[in-house]
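K.L.:
Can you keep this structure in mind? I'll have questions shortly.
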Amino acid sequence: MTFSTITLPTWVTLSRLIAIPIIFGLFIWQDSELTRLIALTVFLIAAVTDWLDGYLARKLNQITELGKFLDPLVDKVLTIALFLLFIELGQVPAWAVFVIITRELLITAWRGAPSSASDTGTSPIIAANLWGKAKTVMQIVAIAALLVKIPYAIAFFWIAVALTLISGILYVVPTSKS
């Protein structure tokens with residue numbers, strides 16, 4: 001693959017990764033109200049690019065398998081990095097972040113696993129369901145709340161953990177098709 005084959009929406013997706021070293025750098029420098037507000041701003045810009053890349057892909061008719069693969073992967077890298085930061089800052093328990101990471105890795109592997117019915121040995125990337133989208137939204141809300149230490153921010157985190165578990169279970173449990 002060459003860089004010329006990477007579409008604008010895919011570049012927007014990859015730009016979210018820039019948020020990680022910026023946010024970590026802010027906390028290495030100092031943990032203050034100002035750095036937390038700047039980190040929140042950087043994170044929210046990254047979250048908006050999650051919507052923007054999908055919009056651009058549809059609008060420009062540039063939906064690609066690479067983009068469908070990278071978008072959820074980059075989302076996971078960003079959220080996992082920030083949850084790990086919150087462990088370091090003593091804001092969330094490590095075991096709960098382990099649950100989130102485990103679910104993300106297992107579902108990512110499940111979604112990308114080769115299909116035995118496929119002639120090519122690979123299956124198309126499966127899009128997120130409603131529960132997966134709700135999980136993502138609540139993880140974003142929890143991260144934003146934890147970044148600026150709003151009262152009861154930990155409650156948003158626990159809701160995100162619950163939705164992470166529910167969405168993971170519902171993803172692998174077969175549903176009846178009427």
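The values are calculated or read from the model by the stated rules, or taken from the named source; none is laboratory data. Since the structure is predicted, the reported quantities are computational estimates derived from the model, not experimental observations. Neighbour counts run over all protein chains shown; Cβ positions are idealised from the backbone, glycine included.
K.L.:
For the stretch 54-83, enumerate the residues that are in contact (Cβ under 8 Å) with a residue 60 or more places away in the chain and among the hydroxyl-bearing types (Ser, Thr, Tyr).
P.N.:
Answer for the stretch 54-83, where residues must be in contact (Cβ under 8 Å) with a residue 60 or more places away in the chain and among the hydroxyl-bearing types (Ser, Thr, Tyr): just Thr79.
K.L.:
Return the residues of the stretch 44-83 that are hydroxyl-bearing (Ser, Thr, Tyr) and under 19 Å from Ala145 (Cβ atoms); say none if nothing qualifies.
P.N.:
Hit for the stretch 44-83 is Thr79, nothing else.
K.L.:
Considering each residue of the stretch 41-69, count those that are touching an Asp or Glu at 6+ places or on another chain (Cβ under 9 Å) and under 20 Å from Leu105 (Cβ atoms), and give that number.
P.N.:
Total meeting the criteria: 1.
K.L.:
What's the total number of residues in the stretch 1-48 that are farther than 23 Å from Ile80 by Cβ and in a helix (DSSP H, G or I)?
P.N.:
Total satisfying the criteria: 6.
K.L.:
Which ones in the stretch 55-71 are surrounded by 14 or more Cβ atoms within 10 Å (Cβ to Cβ) and in a helix (DSSP H, G or I)?
P.N.:
The answer is Leu56, Ala57, Leu66, Gly67, Lys68, Phe69, Leu70, Asp71.
K.L.:
Is it true that some residue in the stretch 3-17 is charged (D, E, K, R) and under 25 Å from Ile107 (Cβ atoms)?
P.N.:
yes
K.L.:
All but one of (1) part of a helix (DSSP H, G or I); (2) at pLDDT below 95 hold for Ile143; which doesn't?
P.N.:
(2)
K.L.:
What pairs come out if I take residues in the stretch 84-97 that are closer than 12 Å to Lys149 by Cα and pair them with residues that are of a type outside the set (D, E, K, R) and loosely packed, with under 13 Cβ neighbours inside 10 Å whose C-beta lies under 6 Å away, six or more apart or interchain?
P.N.:
none
K.L.:
Taking the stretch 135-158, which residues are hydrophobic (A, V, I, L, M, F, W, C), within 18 Å of Trp95 (Cα to Cα), crowded, with 21+ Cβ neighbours inside 10 Å and touching a residue at least 40 places away in the same chain (Cβ under 8 Å)?
P.N.:
Of everything in the stretch 135-158, those that are hydrophobic (A, V, I, L, M, F, W, C), within 18 Å of Trp95 (Cα to Cα), crowded, with 21+ Cβ neighbours inside 10 Å and touching a residue at least 40 places away in the same chain (Cβ under 8 Å) turn out to be Ile143, Leu146, Phe157.
K.L.:
Something else now. Tell me, yes or no, whether the stretch 26-33 has at least one residue that is farther than 19 Å from Leu73 by Cα, surrounded by 16 or more Cβ atoms within 10 Å (Cβ to Cβ) and not charged (D, E, K, R). Can you show your working first?
P.N.:
Residues of the stretch 26-33 farther than 19 Å from Leu73 by Cα: 26-33.
Still in the list and also surrounded by 16 or more Cβ atoms within 10 Å (Cβ to Cβ): 26-27.
Those left that are additionally not charged (D, E, K, R): 26-27.
Yes, some residue in the stretch 26-33 is farther than 19 Å from Leu73 by Cα, surrounded by 16 or more Cβ atoms within 10 Å (Cβ to Cβ) and not charged (D, E, K, R).
K.L.:
Can you tell me which residue among Thr79, Thr5 is among the hydroxyl-bearing types (Ser, Thr, Tyr), farther than 21 Å from Ile159 by Cα and either surrounded by 15 or more Cβ atoms within 10 Å (Cβ to Cβ) or over 19 Å from the mean Cα position of the chain (by Cα) (or both)?
P.N.:
Criteria check complete, one pass: Thr5.
K.L.:
So which of Val92, Val74, Val161 ends up being surrounded by 15 or more Cβ atoms within 10 Å (Cβ to Cβ), under 12 Å from the mean Cα position of the chain (by Cα) and at pLDDT 85 or above? Before you say what the answer is, go through the steps one by one.
P.N.:
Numbers: Val92 fails: under 12 Å from the mean Cα position of the chain (by Cα); Val161 fails: under 12 Å from the mean Cα position of the chain (by Cα).
The match here is Val74.
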